[in-house]
Amino acid sequence: MRGSGPRGAGHRRTQGRGGGDDTPRVPASLAGCYSAPLKGPLWTCLLLCAALRTLLASPSNEVNLLDSRTVMGDLGWIAFPKNGWEEIGEVDENYAPIHTYQVCKVMEQNQNNWLLTSWISNEGASRIFIELKFTLRDCNSLPGGLGTCKETFNMYYFESDDENGRSIKENQYIKIDTIAADESFTELDLGDRVMKLNTEVRDVGPLSKKGFYLAFQDVGACIALVSVRVYYKKCPSVVRHLAIFPDTITGADSSQLLEVSGSCVNHSVTDDPPKMHCSAEGEWLVPIGKCMCKAGYEEKNGTCQAPSPVTNVKKGKIAKNSISLSWQEPDRPNGIILEYEIKYFEKDQETSYTIIKSKETSITAEGLKPASVYVFQIRARTAAGYGVFSRRFEFETTPVFAASNDQSQIPIIAVSVTVGVILLAVMIGFLLSGRRCGYSKAKQDPEEEKMHFHNGHIKLPGVRTYIDPHTYEDPNQAVHEFAKEIEASCITIERVIGAGEFGEVCSGRLKLPGKRELPVAIKTLKVGYTEKQRRDFLGEASIMGQFDHPNIIHLEGVVTKSKPVMIVTEYMENGSLDTFLKKNDGQFTVIQLVGMLRGIAAGMKYLSDMGYVHRDLAARNILINSNLVCKVSDFGLSRVLEDDPEAAYTTRGGKIPIRWTAPEAIAFRKFTSSSDVWSYGIVMWEVVSYGERPYWEMTNQDVIKAVEEGYRLPSPMDCPAALYQLMLDCWQKDRNSRPKFDEIVNMLDKLIRNPSSLKTLVNASSRVSTLLAEHGSLGSGAYRSVGEWLEAIKMGRYTEIFMENGYSSMDAVAQVTLE
Ligand code: AMP
């Protein structure tokens, strides 16, 4: 509840102003009627506002409960006294009624004219909006009317569960607001043939009953109420990240965010349940989690489809040891079929099966037992993966002696059995050696298998760990293990968007066969590179390719077989976060900023769970897309730091981005997920201060010294206390006392769910005392003015705050205790 009314009156939201786009222009033929002041015909002319009917479309997140412009029959509104408000019974050019009410008793004393709407159901909404379009006469333009003429009217409401509330007394209505015109009109305006139509919107809530009445009270103005629209707001049903979010009526409080869970679209699953937040304005904010198409299904326009099953399987030649099959392409391939997978096993022996892969639509399964029934299932694979298996088809091999009772078969059987035994032995040996194989009895999906054996690293199912590409003798092998090779002809380069250490970064498009075209970023390796440069350049792809998370930049693939060598990633429309925030200083709500931080923390939680330490987490290394989703980028080993212009050599010879790095990592190169948490705290500070440089112009040496002495960055301006506390927690000297990334994610989720917890800001005086506590020791006595001292410690920006808080002289500063 906000505003001036006793209950429920919403604040003013002027949406349109007289003279705006929806100002009706009066045709010359009718302009003359405006010369007769204060009479019915004057208002009749206003009915040209029928033109408003062309402007009726409401935004998709507004649901009308009443729109007087669209009611075809009687509105059923009541005016009392009877000679107050009057309805103008006009019709528009389509003979549809136009419900305009006018009153103009400006010459008479003590006016109290009420206009009551009929009962309006709120349809379950607890905050409703009322949009009024009206014109109001300028009292100064009225000859002799000044004493009694008013330029406002009042709007009220009364809640009731049914339509029986009409007989209530005036004093039971609750005032919403006094409505004044932004633009009143005079006779001169009428001469210009431009009507000044005002649009005012008020909101009321929380509502607790099923519906309400509205009432308009005139106390002596000259008004034409051209239309009344009552609506509530909803976040309209959307599909994001393959999850369906239902139509959601916004909350009762104008700052409330409703957490809404999404449900995965058909054929998709999630291990990070999708959620979004519905704001009071009917916007979806802060998407969390996502669904992913099940194996074999491809994401297409927010749905998952896969190749449909193979249905038509026919047997060909059948012998005692072999069965030939053929089939047709599935009815709906949904892409280009790359190959078929044929699974078969002896009936009732399903645990021991064989997989054959074929690019053709026919195969011959050999080495079968005579006179045995075999079960076959076939599935197709497109670039998106496998479709589901066909139904089971059963075929029986012929008996040994079916064709001829010929004893000469026996040696052949003996040879077959021997070969079979040898093959089995080879296969067991192969499996025991822990090597991968493309033809496997245990696993059908090579992707899944890749998860289990990686270059000798045995991985437990479900626990993914990062593999350092340095452990590969041949770095090219690592790239091809983790990154898809892309044909250069699938890439269209459009423009240069940045400069990386190894070459230009461009934007462009990627069109893979059977997939829809994607916008991508393309990093190129400049010509004349050394082998080490090529290895380091592609090292980033080997790392990035191991990650799959909505808050980690996604690798599409690499081009290594032609020149220039390229790394292709998803395109992030808003580029790097620090530049983006600087460009949009002060433009976001706290919730939006926390949403960005939540995304970064979720990405970092994923990396730390994988056992990857980033070492160079900073806003410049976060990319942000058009939905304000932040993703961690810039992966590499030593390269990252070589590449980073912020990195400086430490006394131990390493190159480290000092301002972002935890003291133990600077002092003895102890880089861990806990040192990443320190850097995350600095990123929080950068985000809340819209891309400010941490420690401003202090030198790296001063930063190291100050941090070592216990100094911490002061809170950014207007920073929620809860966020600053989290930053301080990330900057605990003892790295074990810092929060873990999963705790940070949980904490930010809590803040997002309860936005009122973000309303308490770190106040200016505590920011001042932080500065004093940290810098009191830096010899304030040597300076003539507070400004000079603050400049000297690179805190000149705080001079104004010191003055405001009464620290205008160095004497006053010297008196300040830590408390
Ligand atoms: P990097 O070499 O990764 O630091 O990239 C250099 C610059 O290119 C970044 O600062 C961004 O402005 C831009 N950039 C890199 N990757 C992307 C991407 N995926 N989408 C959009 N811009 C990018």
Check your understanding: So Arg534 fits all but one of (1) away from the ligand (no atom under 14 Å from the Cβ); (2) of a type in the set (Lys, Arg); (3) at pLDDT 95 or above; what number is the exception?
Key -> (3)
Practice item. For Ala601, indicate whether it is assigned to a helix (DSSP H, G or I) and within 30 Å of Lys759 (Cα to Cα). Key: yes
Practice item. Residue by residue through segment 253-277, note down the ones that are crowded, with 19+ Cβ neighbours inside 10 Å, hydrophobic (A, V, I, L, M, F, W, C) and not in a strand (DSSP E or B). Key: Leu257
Check your understanding: Of everything in segment 332-354 that's of a type in the set (Val, Ile, Thr) and under 18 Å from Glu396 (Cα atoms), which residue is surrounded by the fewest Cβ atoms within 10 Å (Cβ to Cβ)?
Key -> Thr354
Check your understanding: In this structure, does Val527 turn out to be more than 14 Å from the ligand (Cβ to nearest atom), of a type outside the set (Phe, Trp, Tyr) and surrounded by 15 or more Cβ atoms within 10 Å (Cβ to Cβ)?
Key -> no
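Per-residue answers, yes or no, for (1) within 16 Å of the ligand (Cβ to nearest atom); (2) buried (at least 21 other Cβ atoms within 10 Å of the Cβ); (3) under 22 Å from the mean Cα position of the chain (by Cα):
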site	(1), (2), (3)
Val558	yes, yes, no
Met566	yes, yes, no
Phe580	yes, yes, yes
Lys583	yes, no, yes
Gly586	no, no, yes
Thr589	no, no, yes
Val594	no, yes, yes
Leu597	no, yes, yes
Gly611	no, no, no
Exercise for review: Mind counting the residues in segment 599-609 that are open to solvent by 10 Å² or more (accessible area, probe 1.4 Å) and within 16 Å of the ligand (Cβ to nearest atom)?
Suggested key: 0
Study note, to complete from the structure: By residue number, the members of segment 235-263 that are at pLDDT 90 or above, hydrophobic (A, V, I, L, M, F, W, C) and over 16 Å from the mean Cα position of the chain (by Cα) are Ile249
Practice item. Return only the number of the condition from (1) modelled with pLDDT of 90 or more; (2) part of a loop (DSSP other than H, G, I, E, B); (3) open to solvent by 10 Å² or more (accessible area, probe 1.4 Å); (4) within 15 Å of the ligand (Cβ to nearest atom) that Glu646 does not satisfy. Key: (1)
Exercise for review: Being crowded, with 18+ Cβ neighbours inside 10 Å, of a type in the set (D, E, K, R) and either within 18 Å of the chain's Cα centre (by Cα) or over 18 Å from Tyr340 (Cα atoms) (or both) is the filter here, so list the residues in segment 289-308 that pass it.
Suggested key: Lys290, Glu299
Check your understanding: Is there any pair with a first residue in segment 210-221 that is free of Cβ contacts under 8 Å to residues at least 12 places away in the same chain and on the phi < 0 side of the Ramachandran plot and a second that is of a type in the set (Asp, Glu) and outside any strand (DSSP E or B) whose Cβ atoms are under 8 Å apart and which are 6 or more apart or on different chains, and what are they?
Key -> none
Review point. Given (1) exposed (fewer than 15 other Cβ atoms within 10 Å of the Cβ); (2) within 11 Å of the ligand (Cβ to nearest atom), where does Gly575 come up short, assuming only one miss?
Key: (1)
Practice item. Please enumerate the residues belonging to segment 703-759 that are in a helix (DSSP H, G or I), within 23 Å of the chain's Cα centre (by Cα) and more than 26 Å from Gly289 (Cβ to Cβ). Key: none
**Study point:** Residue ID - least open to solvent (accessible area, probe 1.4 Å), chosen from residues in segment 372-389 that are out of contact with any Asp or Glu (no Cβ under 7 Å at 6 or more places or on another chain) and farther than 24 Å from Pro513 by Cβ
**Key:** Phe376
Review point. Can you name every residue in segment 279-319 that is among the aromatic types (Phe, Trp, Tyr) and within 15 Å of Arg240 (Cβ to Cβ)?
Key: Trp284
Check your understanding: Within segment 681-691, can one find any residue that is surrounded by fewer than 22 Cβ atoms within 10 Å (Cβ to Cβ), within 16 Å of the ligand (Cβ to nearest atom) and modelled with pLDDT of 90 or more?
Key -> yes
Practice item. Kindly indicate whether Asp548 is without any contact (Cβ under 8 Å) to a residue 12 or more places away in the chain and either closer than 20 Å to Gly599 by Cα or open to solvent by less than 10 Å² (accessible area, probe 1.4 Å) (or both). Key: yes
Study note, to complete from the structure: Flagged pairs (Cβ under 8 angstrom, 6 or more apart or on separate chains; first in segment 574-601, at pLDDT 95 or above and among the basic types (Lys, Arg); second away from the ligand (no atom under 16 Å from the Cβ) and not in a helix (DSSP H, G or I)) are Lys582/Tyr690; Arg598/Val286; Arg598/Ile288
Review point. For segment 461-502, which residues satisfy the criterion of being touching a residue at least 60 places away in the same chain (Cβ under 8 Å), open to solvent by less than 60 Å² (accessible area, probe 1.4 Å) and within 16 Å of the ligand (Cβ to nearest atom)?
Key: Ala483, Ile486, Ile491, Gly498, Gly500
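The values are calculated or read from the model by the stated rules, or taken from the named source; none is laboratory data. Remember, it's a predicted structure, so these values are computed and weren't measured experimentally. Here the Cβ is made from the backbone with ideal geometry for all residues, glycine too, and neighbour counts use every protein chain on show. These accessible areas exclude ligands, DNA and RNA; they are computed on the full protein's heavy atoms, side chains included. Shrake-Rupley method; radii C 1.70, N 1.55, O 1.52, S 1.80 Å.
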